[in-house]
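The values are calculated or read from the model by the stated rules, or taken from the named source; none is laboratory data. Bear in mind the structure is a predicted one, so any value in this text is a computation, not a measurement. Reconstructed Cβ throughout: ideal geometry from the backbone, glycine too, with neighbour counts over all protein chains shown. Note: areas computed on protein heavy atoms with side chains; ligands, DNA, RNA excluded. Shrake-Rupley method; radii C 1.70, N 1.55, O 1.52, S 1.80 Å.
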Amino acid sequence: MATVEVSRRIAADPGRLYLMIAEVTQMDRWSPESAGARWVRGQPGEIGSRFRGRNRNGLFRWSTTCTVTAAEPGRRFGFAVTWLGMPVSDWAFDFIPSEVGGAEVGCQVRESTTDRRSRLLRIITPLGTGVPRRTEHNRRTMEQTLAALDRAATAAG
């Protein structure tokens, strides 16, 4: 199981960044692969709640079911992804406050994912997603996601 992790220092409050990420219906504003999401069960953003994530890659479109696994405001938001009940991946965003001279000046945002696909799913998912090398693709899109999050958070002040 491959794990990919990227991080970026963002000059914004960890609590605000957490809220931006945990509102998964807005994920398409940051992630180039997301085509939106909607909550389908439970209270939005709470552990155990589920959402349906829609994804895109060029002409390819697919959806997954995601279950919130971590919901610590200002610290960590995570979710497990399945397709037709089969494990696909685990995702997490960690927000690590940065301090200079005892004053908080933003945070390090770490996005990580672990591939949980079975051998069969690793063979068939490129046919439905158009992504033959998932690890490299994830690293690139995760860097784009954090850059977009940074732009939006710092533009809002």
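Structure above, values below:
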item: GLU136 vs. criteria part of a helix (DSSP H, G or I), open to solvent by 60 Å² or more (accessible area, probe 1.4 Å), free of Cβ contacts under 8 Å to residues at least 60 places away in the same chain and of a type in the set (Asp, Glu); result: yes
item: Residue within segment 28-44 that is in a strand (DSSP E or B), in contact with a Gly (Cβ under 7 Å, 6 or more places away or on another chain) and in contact (Cβ under 8 Å) with a residue 24 or more places away in the chain present; result: yes
item: Residue match in segment 77-98 (condition: of a type in the set (S, T, N, Q), open to solvent by 40 Å² or more (accessible area, probe 1.4 Å), over 23 Å from GLY36 (Cβ atoms) and in a strand (DSSP E or B)); result: no
item: Failed item in (1) in a strand (DSSP E or B); (2) open to solvent by 30 Å² or more (accessible area, probe 1.4 Å); (3) modelled with pLDDT under 95; (4) not basic (Lys, Arg), with CYS107 passing the rest; result: (2)
item: Criterion violated by ILE21 - all others in (1) closer than 23 Å to ASP115 by Cα; (2) open to solvent by 50 Å² or more (accessible area, probe 1.4 Å); (3) part of a helix (DSSP H, G or I) satisfied; result: (2)
item: Residues satisfying the stated conditions in segment 37-68, i.e. among the β-branched types (Val, Ile, Thr) and open to solvent by 80 Å² or more (accessible area, probe 1.4 Å); result: ILE47
item: All positions within segment 14-60 that are of a type in the set (D, E, K, R) and closer than 22 Å to LEU146 by Cα; result: ARG16, GLU23, ASP28, ARG29, GLU33, ARG38, ARG52, ARG54, ARG56
item: Boolean, THR82 is farther than 23 Å from GLY130 by Cα and of a type in the set (S, T, N, Q); result: no
item: Residue that is of a type in the set (Gly, Ala, Ser) and modelled with pLDDT of 95 or more, where the choices are SER98, SER118; result: SER118
